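Everything below concerns the one structure shown next.
The values are calculated or read from the model by the stated rules, or taken from the named source; none is laboratory data. Just so it is clear, the structure is predicted and the values come from calculations on it, not from any experiment. Virtual Cβ from ideal backbone geometry, glycine too; neighbours counted across all protein chains shown.
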Amino acid sequence: MPNTHASRLVIFALIATLLIPIASAQDPFDGRDEYPQFRNLSGLPGGLFGVLPSGKPGIGGALALSTPIAYSLANGRLALVGADMSFTDRPQFIDPHGEDANPSSNGTLAGMVGIGVPFGNFTVADMALSSKLDQVFNIHFTPKLNNRGVGIGLGVQDIKGHGGGGGAVIDQQEGTHSQSRYAVITHPCGRSGYLSVGWGDGRFRRPFGSASQGISKWGRALVEFDGFNWNCGLAAKLGAFEGAPDRPVEINGFIGLIRGGHTTLGLSATF
């Protein structure tokens, strides 16, 4: 695929077409301090796509679902990610009855870019939380270390705190704040595995962690504790295309379970 703005827009449009027409009412994660808007996608590096210690995105890197990993995207690296979680134990991603009916899933989109500085790498992300395109911004920083792939990450999810901490009704009544700060460590394990653990406040006020393991050159398995419940899933490399020199476009798919009973599907494009 040629490295053109048009090709990138086509990929983003496909993700948006599949995932953005979903509202977030009736979410099973609605509840005080449950942070439903962030339970199916972190909008941070490693969220449904792998990141290597170098900052290069790819299926061989550390992977999570709704929690951070330590590694930041390297300078100029881009990621577009979409995820959609069913409100039941079955995949339900399109509401056939229109906007007035109860929606059956919650979709989220995120775009992020890596910014290199002499002392490390930042990743800046913009998330669209629903079909109303309500947005939040995240920032993640990984300092340069020489520790054989061990990384430390510091960040803030929802810098302005407007994403909602309890669900639509609760947030309107209580004015809950959803800015969440965190610190996380990621350690390579064995041949192609990664373990991440961290803690923070807000959304990350409880310890969290994830472990991912390569199962082939095309796939990666994930298990995660997000501070609330256990999640799991499989990521698969669906294809790679020519891009800028040394920056191919990689397309990954994801299927998983949140809280053991809510199917989530994801699609990512990294550059």
task: Could you please find all residues in segment 184-227 being aromatic (Phe, Trp, Tyr) and at pLDDT 95 or above?
output: Tyr194, Trp199, Phe204, Phe208, Phe225
- request: Check segment 243-263 and report whether any residue there is of a type in the set (D, E, K, R) and assigned to a strand (DSSP E or B).
  value: yes
- prompt: Could you say whether any residue in segment 75-90 is part of a strand (DSSP E or B), at pLDDT 95 or above, among the β-branched types (Val, Ile, Thr) and crowded, with 24+ Cβ neighbours inside 10 Å?
  reply: yes
